[in-house]
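Structure first, then comments.
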Amino acid sequence: MSVDMKLEVVVIPVTDVDRATEFYTRLGWRQDVTPPGSGVVQFTPPGADASIHFGADLTTAAPGSAKGYLIVSDIEAARDQLVAAGIEVTLFHLGTDGPGDGLDPDRRSYFSLASFSDPDGNAWVLQEITTRLPGRIDTAVTSFGSARDLATALRRAAAAHGGHEERTGEEDPNWPDWYAEYMAAEQSGADLPT
């Protein structure tokens, strides 16, 4: 029997704890309670199970040397939220000849990205994932990190279900089951119902 090992915290190097605290607060990340006297500041991104730590003397890594990836279901909404918080964001996509400007033209899952940095230069990359590659998610578990993620998944399921009803030529009274099957398959990378 194997023991679950869940990623809990990643330490990022910063030069000014107060400045970093202000920045991650402005991002809308939740500041978590830490043990008194620990010197640790902890923030958790919305919908995430793992957090970041920073503080004086937590790491010997050079400030600005960290790079993290965040997954979002709607990269345009995520970018807009960051820009509204006064964060400079670069939007790009993975192309056949390297990164290209703007969104992936086909809005394929995994291909649209955005990046921003904290005041020390620690880099964050947002990656839009709407359909997981097979084997990436436990097929027995379907969850959504936020109401917005769930609403976005419901919209994709509704659009796909509209195509299903068009192909069958009849209204589907069992649409809740179809939506659930579609959304679970989308998260796990399984074949989508048609």
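No lab work stands behind these numbers, since they all come straight from the coordinates. Everything quoted here is computed from the prediction, not taken from an experiment. Cβ atoms come from the backbone with ideal geometry, glycine included; neighbour counts cover every protein chain shown.
Below is a table of values for the structure above.
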| quantity | calculated |
| --- | --- |
| Karplus-derived HN-Hα couplings along the stretch 175-182 (A = 6.51, B = -1.76, C = 1.60, θ = phi - 60°), whole Hz, x at Gly and Pro | 4, x, 5, 5, 4, 4, 4, 4 |
| Spin-label model distance (nm) - residue 34 vs residue 21, 7 Å beyond Cα toward Cβ | 0.9 |
| Under-5 Å amide H pairs with residue 32, H placed in peptide plane, nonlocal only | 42, 43, 44 |
| Fraction of antiparallel bridges per DSSP, the stretch 9-128 only, in percent to nearest 5 | 70 |
| Relative contact order of the stretch 1-68, defined on C-alpha pairs under 8 angstrom at six or more residues apart (%) | 41 |
| Total charge dipole magnitude, the chain, about the Cα centre, Cβ charges on Lys, Arg, Asp, Glu only, Debye to nearest 20 | 380 |
| ³J(HN,Hα) computed for each position of the stretch 74-84 - Karplus, 6.51 cos²θ - 1.76 cosθ + 1.60, integer Hz, glycine/proline x | 9, 5, 5, 5, 5, 4, 4, 5, 5, 4, 4 |
| The chain, relative contact order in percent, only Cα pairs under 8 angstrom and at least six apart counted | 18 |
| Residue-span extension gain [residue 154 to residue 123] - 0.36 nm each, minus C-alpha spacing | 8.0 nm |
| DSSP bridge pairs, the stretch 69-137: antiparallel proportion in percent, nearest 5 | 75 |
| Estimated [θ] at 222 nm from DSSP helical runs (n ≥ 4, -39500 (n - 2.57)) normalised by residues in the chain, nearest 500 | -9500 deg cm²/dmol |
| Counted charge near residue 56, where neighbours are those whose Cβ lies closer than 12 Å (Asp, Glu -1; Lys, Arg +1) | -3 |
